[in-house]
Amino acid sequence: MNRRAIGKLAALPFVRMPAGMILVGVVWLGSLILIPATHAIAIPFVGMTTWLAGMLLGMTMRTLMRTDTLLLPDFARILGQTGLLYALVLIILPALFLLGVSGNAQNILLMAAVQLLAVALGLASGTGFRITLFVWIIFPLVGLLPADVHAILLHALTTSYWVPLLAALLAALLLRFTLRPLLTVSDREDDDSPMQAIADGRKPANTASGMPQQRGFIGKKLKPILDATAQRNLERSVARLRKRPGTAARMSVIRAVLLPHDNLQGIAINVLVTTLVAGLYFTLIHHGDGMNVGFITSYAVLIGMSRFAAVGRGMVKMQPNLADLYLTLAPETHAEFQATIADALLKLVAVTTFNCVIYSVLIAVLLHAGAPAELLLTALIVGVGASFGALAAHLVGPTTQTGRTLVQMGLLIGAMLIYNLVLWLMHRFGVLAGGFAGIVICLPFGLGAWQYARREYLTRRPCFDAPLD
Amino acid sequence: MAAADGITQTQAIVDVRGLRKRFGQRDVLSHLDWRIPGGRVIGLLGRNGAGKTTLLRCMAGLSPIDEGSIAILGHSVDQPGGERLQHIGFVPQTFDLFPWMKVRGYLDFTAAFYPRWNHAQTERLLDDWRIDRKQKVGQLSQGQRQKLAIIRALAPDPDLLLLDEPVASLDPQARRAFMDELMRIVQRPGKTVVFSTHITADLERAGADIALLKDGRIVLESDLPALRQRIRRVVLMRADGWQTAPLETGVLRATLDGTQAQLIVDGVSDDVLAAIAEREHARLDVQPLTLEDLFVELA
């Protein structure tokens, strides 16, 4: 056993993301110690922090797993042994703590299996597998189940040995899907715009060079179509600029380069695909009773806002590419160049708001919502405010991977909370008064944040250095 | 357009004064002064990590400087300065063009922003260098990307070309073709080229002047014939062998091996060498150095 190599690999998450790992570690350990005293509160905390720890491990793995690393002697075995070490700590240790509280073997096994599932989910999320959105959707779906099914599930959870086994199998399946592409040596395929990558759900936002991409069946089929629309859009924009040079035409060309798939056809294709997938999904699960339409519709904002994860990452990843753009545009001042970039990205506010509204329409139609106007108006108001806020946060926010992830998580949670607040205001005070209150809450915040961020961004000198992570 | 708003060939196209550039606590460039007149081809030499890329990026205005000043085409690079920037062609060491764009789209996009763009030359080079216009930039090989970057840099007919190891990824044919193209450009009045390279044969073929970057400064500037005249290999031979080097002043390196004393000398005249040979009763052989030998001795 190569103890030194295992030690180095095990320490890597702490070296790369010390603050995140220490914070998660402290909360995890604190919750673990509290299990004997108050296990009902402590155990969910252990599960949640395990999921977060898994995510940080996944983020570290993603940057580590590239061709030259995979070719290191005995790397896969050493990685496996390191994984066992983490499994011992994150899975076995909590189960042993629970053993001190309850002698029930089924409970212990369930705890271990859930911990394994939490690690697998975290790893999947951290490596860029877009599983988190599906996990969020599970909770309302559980609420849709009939009471009898609920009771059966609850009984099974506490008595059946099949549940831990199923959870472990699910975790194993998830780990296989997550780890297999990471452990495969493949050709580099880095030909998407960093700003675009996540928008189409085809590629994780944090693709490292040399990394195999997790591109699904739909993504593979969509890519050439979206690329063709991007090419046509660019050609049209360039032709317009040549014919009638001006600020608007110039900006249109720059946007066609920075956000290649955010053209009318590209947006339409994305909306169409989402409509088909969502339509199929809701047709399959639709029961009608007990469904909180407002809560479900807030996912429209969540899906729309997920676009900004790519912006945060893209802003940093794109720095070297911008050098060429800088020389091409030949601005008078650095501030002029920064203003061009910031203003080009404003298109994202329109695109995101449009997507939020369209997805809300979609959900409202599919769920036969009683007050669709409220839902649409809320999506519009929150979409505009949250998009401005998100763009502002990513424009001048942290450049580290952990920082960007935390900002994005904060933005998503904030947007969903505000969505539900505005919707509640409309229910409580009517569409006009509630909508007005929503506008007062969202727009000044979003616009203010955007104006501040733009001003701050303009004072910064453009950076063309390649990012280190 | 006249090169750089009235800058003539005798005026400095590049004027670097007291340049200091730090990365963390490390000075990469320190008190660097460099003046490049118009119409010259300069080969920037230096060992790995000497700061060649940093210097070229600072000159292109792509990397902020800590102290000193850089004026390109008569204007400070503190700010990009608008149209002036379009008179600079820059080929970086690694090609961070837009990998998601197709070659055709990328060149069309770039051309749309330039008032002058040599379409004929661009098309010719794309054909000569066999670059598929329909391919995505990200799918090109490293060498093809380098060629594309060169084509893009040459197309606006820049007055100053800054090339950071432009031929590093090119095959011998492409390297030769690139050097031919470079020579064609330099023959046009007022064009200035600065390129860093480790392939000294290319500098010899181009007849480039040499600038050596060492310890954060330009420590040597010379044209190639003068450099060859100045720095030479001297071999002194005698049957008795050598205990000490026969000369100290002006000797860069001395190797004593049996009957031979091999010296690399800098600026020692033929008369002095002949006098030493006579004094030591040795046979004298003076040999010219290749640029690669010179680089090894000086860098």
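Just the number: Rg to Rh for the protein assembly as shown, Cα atoms, Kirkwood Rh, two decimals.
1.07
If you place +1 on the Cβ of every Lys and Arg, -1 on the Cβ of every Asp and Glu, and leave all else neutral, what size is the dipole of the protein assembly as shown about its Cα centre, to the nearest 20 Debye?
1620
Could you tell me which residue out of B:Q187, A:V253, B:L263 lies farthest along the dipole of the protein assembly as shown toward its positive end? Charges go on the beta carbon: Lys and Arg +1, Asp and Glu -1, centred on the Cα centre.
Result: A:V253.
List, in order, the whole-Hz ³J(HN,Hα) value for each residue of region A:80-89 obtained from phi through the Karplus relation with A = 6.51, B = -1.76, C = 1.60 and θ = phi - 60°; use x for Gly and Pro.
x, 5, 5, x, 4, 4, 5, 5, 4, 6
How many Cβ atoms of partner chains, on average, are near each residue of A:231-237 if near means within 10 Å of its Cβ?
The mean count of partner-chain Cβ atoms within 10 Å per residue comes to 3.
If you place +1 on the Cβ of every Lys and Arg and -1 on the Cβ of every Asp and Glu, how big does the dipole about the Cα centre of region A:2-182 come out, in debye to the nearest 20?
Rounded to the nearest 20 debye, it is 620 debye.
Rounding to the nearest 10 and keeping the result within 0 to 90°, find how far the Cα-based axis of helix A:401-429 lies from the longest principal axis of chain A.
Orientation of helix A:401-429: about 80 degrees from the principal axis.
Scale the Cα Rg of region A:397-469 by the rule-of-thumb value 2.2 N^0.38 Å and send over the ratio, two decimals.
1.51
So who's got an amide H within less than 5 Å of the one on B:L161, skipping anything under 5 residues away but keeping other chains? H placed 1.01 Å off N, in plane.
Distant-sequence amide H within range of B:L161: B:G89, B:T192, B:V193, B:V194.
Counting only other chains, what is the mean number of Cβ atoms within 10 angstrom of the Cβ of each residue in peptide B:62-69?
Whole-number average of other-chain Cβ neighbours for B:62-69 is 2.
Which whole-percent values make up P(r) of region B:75-228 when all C-alpha to C-alpha distances are grouped in 5 Å steps starting at zero?
2, 8, 17, 21, 21, 15, 9, 5, 2, 0
Tell me which lysines have Cα within less than 25 Å of B:K214's Cα, excluding those fewer than 8 residues away on the same chain?
B:K21, B:K52
State the three equivalent ellipsoid semi-axes of region A:289-441, derived from the C-alpha gyration tensor as the square roots of 5 times its eigenvalues, in descending order and whole Å.
34, 15, 13
Show me, for region A:331-347, the HN-Hα J-couplings you get by feeding each phi into the Karplus relation (A = 6.51, B = -1.76, C = 1.60, θ = phi - 60°), rounded to Hz, glycine and proline as x.
Running phi through 6.51 cos²θ - 1.76 cosθ + 1.60 with θ = phi - 60° gives x, 6, 10, 4, 4, 5, 5, 4, 5, 4, 5, 4, 5, 4, 6, 4, 4 Hz.
Taking the Cβ-Cβ separation of A:K8 and B:R184 as r and a Förster radius of 56 Å, what is the calculated FRET efficiency to the nearest 0.05?
With R0 = 56 Å, the Cβ-Cβ based efficiency is 0.60.
Calculate, axis by axis, the spread of Cα positions in region B:1-143 along the three principal axes, and write the results as whole Å, longest axis first.
Sorted from largest, the Cα extents of region B:1-143 read 47, 38, 26 Å.
Measure nothing but the geometry: give the 0 to 90° angle between the long axis through the Cα atoms of B:142-154 and the longest principal axis through the Cα atoms of chain B, rounded to 10°.
With both axes taken from Cα atoms, the answer is about 80 degrees.
Quick one: which of A:307-320, B:222-235, A:251-264 comes out on top by average Cβ neighbours within 10 Å, and what's the full order, highest first?
With the highest mean Cβ count within 10 Å placed first, the list reads A:307-320, A:251-264, B:222-235.
Collect residues whose amide H, placed 1.01 Å from N in the peptide plane, falls under 5 Å from the amide H of B:I210; neighbours closer than 5 in sequence don't count.
Counting only residues 5 or more places away or on other chains, the set is B:G43, B:S222, B:D223, B:L224.
What is the mean projected area of the alpha carbon convex hull for region A:35-92, to one decimal in square nanometres?
Taking a quarter of the hull surface, the average projection is 4.3 nm².
Above 23 Å lies some portion of the pair distances; for region A:2-182, what is it as a whole percent of all C-alpha pairs?
Value for region A:2-182: 45 percent of Cα pairs lie more than 23 Å apart.
Which lysines, on any chain, are close to A:K220 with Cα under 22 Å apart, when same-chain ones fewer than 8 places away are left out?
Reachable lysines: A:K203, B:K102, B:K134, B:K136.
In whole Hz, what ³J(HN,Hα) sequence does region A:446-459 give by Karplus (6.51, -1.76, 1.60; θ = phi - 60°), x for Gly and Pro?
Karplus-based 3J(HN,Hα) across region A:446-459 equals x, 5, x, 4, 5, 5, 4, 4, 4, 4, 5, 5, 5, 7 Hz.
Taking 0.36 nm per residue of separation and subtracting the Cα-Cα distance, what length does fully extending B:R20 through B:N48 add?
Full-extension gain reported as 8.2 nm.
Determine the dipole magnitude for region B:15-156: charges of +1 sit on the beta-carbon of Lys and Arg, -1 on that of Asp and Glu, nothing else is charged, the reference point is the Cα centre, and the result goes in debye to the nearest 20.
The dipole of region B:15-156 has a size of about 380 debye.
Just name one of A:V149, A:F75, A:V89: the one whose Cα is farthest towards the positive end of the charge dipole of region A:2-182 (beta-carbon charges, Lys/Arg +1, Asp/Glu -1).
Looking along the dipole axis, the top candidate is A:F75.
Using the beta-carbon distance between A:A37 and A:R428 and R0 = 45 Å, what value does 1/(1 + (r/R0)^6) give for FRET efficiency, to the nearest 0.05?
With R0 = 45 Å, the Cβ-Cβ based efficiency is 0.65.
Once Lys and Arg get +1 and Asp and Glu get -1 on their Cβ, which of A:A369, A:I33, A:L302 lies farthest toward the positive end of the dipole of chain A?
A:L302
In a solvent-free Debye calculation with one equal scatterer on each Cα, what is log10 I(q)/I(0) for chain B at q = 0.08, 0.11 Å⁻¹, listed in the order of the q values?
Each listed q corresponds, in turn, to -0.43, -0.73.
List the residues whose amide H sits under 5 Å from the amide H of B:I13, counting only those 5 or more places along or on another chain, with H placed 1.01 Å from N in the peptide plane.
The list, which skips near neighbours in sequence, is B:I36, B:G38.
Using R₀ = 41 Å, calculate the FRET efficiency as 1/(1 + (r/R₀)^6) where r is the Cβ-Cβ separation of A:R77 and A:V26; round to 0.05.
The value I calculate is 0.85.
What value does region B:62-130 have for Rg/Rh, both radii from Cα atoms and Rh as Kirkwood defines it?
1.03
Of B:L236, B:L19, B:L213, which has the largest mean-square fluctuation in a 10 Å C-alpha GNM of chain B?
B:L236
Neighbour counts of other C-beta atoms within 10 Å: give me A:T178, B:T54, B:T290, A:T275 arranged from fewest to most.
B:T290, A:T275, B:T54, A:T178
Across peptide B:76-85, how many C-beta atoms of other chains are within 10 Å of each residue C-beta, on average?
So the per-residue partner count for this stretch is 4.
Would you mind calculating the gained length between A:A151 and A:V273 on full extension (0.36 nm times residue separation, minus the Cα-Cα distance), in nm to one decimal?
40.3 nm
Computed from the coordinates by the stated procedures, all read-outs in this text should not be read as laboratory data. This one's a predicted model, so the numbers in the text were calculated from it and none came from an experiment. Every residue, glycine as well, gets a Cβ built from its backbone with ideal geometry; the counts of neighbours run over all protein chains shown.
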